[in-house]
């Protein structure tokens, strides 16, 4: 049983480590997105550098990474490796491991993205209803401001706040609330430069359909 859990942890990290933006850019456009725009290996920089189609594809794949890693905890319950009452703990643990893999990918010299899309996939696997509300928060903030960073941070904050204010959405107890505020703190830390640029009015706006490269 312990071997199965260890293998699952390794799987989640390796899955998260798949540098979708880097591999997609090299395979279909012959460029490393880390050499353009913000230098970040994520969906937003892919959007800026390679256009809307590339950005959407990378985002979907990164979301799927987080979702698959988090949902894989379910198979440990099915196989009898862990009791069902521990499922949420393992979902959160596996999801976090995949996000860490995305931020520090072994397949890309530990230089990855900020983990937002992967984190969204994780939240979708944990609580679909609240995740969709968070997507709505992001969409509204982005449409009004054109700032992906601001939308990402507010959408992440919305997750624990909604669960705290509306207990009917919380099927995981206090652990989910603590997790929510913890991931918000991580997102703030990974967006420190963005926050400074937002305060100084220097943050780049994302306009769909336009590329920074060329």
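Things worth noting here:
Per-residue answers, yes or no, for (1) at pLDDT below 95; (2) more than 14 Å from the chain's Cα centre (by Cα):
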{"residue": "2", "(1), (2)": "yes, yes"}
{"residue": "12", "(1), (2)": "no, no"}
{"residue": "29", "(1), (2)": "yes, yes"}
{"residue": "58", "(1), (2)": "no, no"}
{"residue": "62", "(1), (2)": "no, no"}
{"residue": "78", "(1), (2)": "yes, yes"}
{"residue": "87", "(1), (2)": "yes, yes"}
{"residue": "103", "(1), (2)": "yes, no"}
{"residue": "111", "(1), (2)": "yes, yes"}
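- Search result, residues across the stretch 1-49 that are more than 17 Å from residue 204 (Cβ to Cβ), without any contact (Cβ under 8 Å) to a residue 40 or more places away in the chain and assigned to a loop (DSSP other than H, G, I, E, B): 30, 32
- Of residues in the stretch 109-128 being over 21 Å from residue 138 (Cα atoms) and in contact with a helix residue (DSSP H, G or I) (Cβ under 7 Å, 6 or more places away or on another chain), the one surrounded by the most Cβ atoms within 10 Å (Cβ to Cβ): 112
- Selection within the stretch 138-153 - surrounded by fewer than 19 Cβ atoms within 10 Å (Cβ to Cβ) and touching a helix residue (DSSP H, G or I) at 6+ places or on another chain (Cβ under 6 Å): none
- Across the stretch 34-56, the number of residues qualifying as closer than 17 Å to residue 149 by Cβ and either surrounded by 18 or more Cβ atoms within 10 Å (Cβ to Cβ) or over 20 Å from the mean Cα position of the chain (by Cα) (or both) comes to 13.
- Among (1) under 13 Å from the mean Cα position of the chain (by Cα); (2) touching a residue at least 60 places away in the same chain (Cβ under 8 Å), the one test that residue 207 misses: (1)
- Residue list for the stretch 65-108, restricted to those being crowded, with 21+ Cβ neighbours inside 10 Å and not in a helix (DSSP H, G or I): 105
- Taken as a whole, the condition of being part of a helix (DSSP H, G or I) and surrounded by 17 or more Cβ atoms within 10 Å (Cβ to Cβ) does not apply to residue 132.
- Residue check, residue 7 surrounded by fewer than 23 Cβ atoms within 10 Å (Cβ to Cβ) and in contact with a helix residue (DSSP H, G or I) (Cβ under 6 Å, 6 or more places away or on another chain): no
- Test: residue in the stretch 55-62 that is touching a helix residue (DSSP H, G or I) at 6+ places or on another chain (Cβ under 9 Å), under 21 Å from residue 183 (Cβ atoms) and in contact (Cβ under 8 Å) with a residue 60 or more places away in the chain: no
- Screening the candidates 150, 189, 208 for the property of being under 30 Å from residue 51 (Cβ atoms) and modelled with pLDDT of 90 or more yields one hit, 150.
The values are calculated or read from the model by the stated rules, or taken from the named source; none is laboratory data. Computed from a predicted structure; not experimentally measured. As a convention, Cβ positions derive from the backbone with ideal geometry for all residues, glycine included, and neighbour counts pool all protein chains shown.
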